[in-house]
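Chemist: Input: one structure, supplied below.
The values are calculated or read from the model by the stated rules, or taken from the named source; none is laboratory data. Not measured: the values here are computed from a predicted model. Backbone-built Cβ (ideal geometry, glycine too); neighbour counts: all protein chains shown. Side chains included, ligands, DNA and RNA excluded: accessible areas come from the protein's heavy atoms. Shrake-Rupley method; radii C 1.70, N 1.55, O 1.52, S 1.80 Å.
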Amino acid sequence: MKILIIEDEPGTADYLRQGLREAGFAAEVARDGADGLHLLLAEAFDLAIVDVMLPRLDGWTLVKTLREAGRQLPVLFLTARDEVEDRVRGLELGADDYLVKPFAFTELLARVRTLLRRRSPVVEATSLKVADLELDLVRRRAVRAGQRIDLTGKEFALLELLMRRRGEVLPRSLIASQVWDMNFDSDTNVVEVAIRRLRAKIDDPFETRLVRTLRGMGYVLEDGS
Ligand code: CA
């Protein structure tokens, strides 16, 4: 069982990591919200322990983004604030449980075990959503602003990749290897052409553009509104 601890206080983070390792878990630490989110989206963790007050990206936004990306792993919030609104807000945004600092390690361990037991057997997301664009992973189709959009297999795979990694700049080489499963020479325009076709379907007919080009860097899909 692999646990990610996202906590900016080094003392607390190290204490948790050591305790969890001694309890038989594989535990890693991220020191800020942005790194934590990146790791959770890139790797398969079974549970995340997330401090609410974090540099670069707060715990609430992190969990909200994680859920919107379709990630269902259990999240235990750590909060220094003992206010009811904060707990409610955290739970509404998709946290599974919370613990108020300071807490006893045995209490944290009990919560972690409960969450891991309760976890439903791999509930995979059936759809991805960014702004008014929704990708139905079961029926393999896209809908934007209520309009159904037909995509080819490659366009679907490309859009799925961009949506799963929303907000992240994806270099052409990465898109080529993930969508076409092969490496292209740097002068190839296969990715460019595919992006253009995808845009003509999901962006051009609509008011807000979701796919942006970062010259020399790659492409990013994000809610620009
Ligand atoms: Ca903190």
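Chemist: If R0 is 25 Å, what FRET efficiency do you get for R199 and D46 from their C-beta distance, rounded to 0.05?
Modeler: Numbers: r = 37 Å, r/R0 = 1.47.
Efficiency, rounded to the nearest 0.05: 0.10.
Chemist: Just to be sure I understand: of the beta bridges DSSP finds with both ends in the chain, what percent are antiparallel, rounded to 5?
Modeler: 50
Chemist: Run the quick spin-label model on Q147 and A131: label points 7 Å from Cα toward the beta carbon, then report their separation in nm to one decimal.
Modeler: If labels sit at Q147 and A131, their model points lie 1.3 nm apart.
Chemist: Using the heavy atoms of the protein chains alone and a 1.4 angstrom probe, what is the accessible area of the range 137-208 per residue in square angstrom?
Modeler: 58
Chemist: If you don't mind, another one. What is the local net charge at A157, summed over the other residues whose Cβ is closer than 12 Å to its Cβ (Lys, Arg +1; Asp, Glu -1)?
Modeler: That sum, taken over residues with Cβ under 12 Å, equals 0.
Chemist: Now, a different point. Filter K129/K154; K64/K129; K2/K101; K64/K154 down to the pairs with a C-alpha to C-alpha distance above 21 Å, please.
Modeler: Values: K129/K154 19 Å; K64/K129 12 Å; K2/K101 23 Å; K64/K154 28 Å.
Where the Cα-Cα span goes over 21 Å, the pairs concerned are K2/K101; K64/K154.
Chemist: Taking only protein heavy atoms into account and a 1.4 Å probe, give the accessible area per residue of the range 1-62 in Å².
Modeler: Details: 2590 Å² over 62 residues.
Averaged over the residues of the range 1-62, the accessible area is 42 Å².
Chemist: Per the helix-only calculation at 222 nm, which mean residue ellipticity applies to the chain, given -39500 (n - 2.57) for every DSSP H run of n ≥ 4 and division by its residues, nearest 500 deg cm²/dmol? Intermediate values should be presented prior to the final figure.
Modeler: Details: 8 runs with 90 residues, N = 225.
When only DSSP H runs of four or more count, the value is -12000 deg cm²/dmol.
Chemist: If R₀ is 22 angstrom, what is the calculated FRET efficiency for the pair Q18 and V100, using the beta carbon separation as r and rounding to 0.05? Intermediate values should be presented prior to the final figure.
Modeler: Numbers: r = 21 Å, r/R0 = 0.97.
Calculated transfer efficiency: 0.55.
Chemist: Need the list of aspartates and glutamates near K201 for cross-linking: C-alpha distance under 18 angstrom, and skip anything on the same chain fewer than eight residues off.
Modeler: D132, E134, D136, D150, E155, E160, E192, E222, D223
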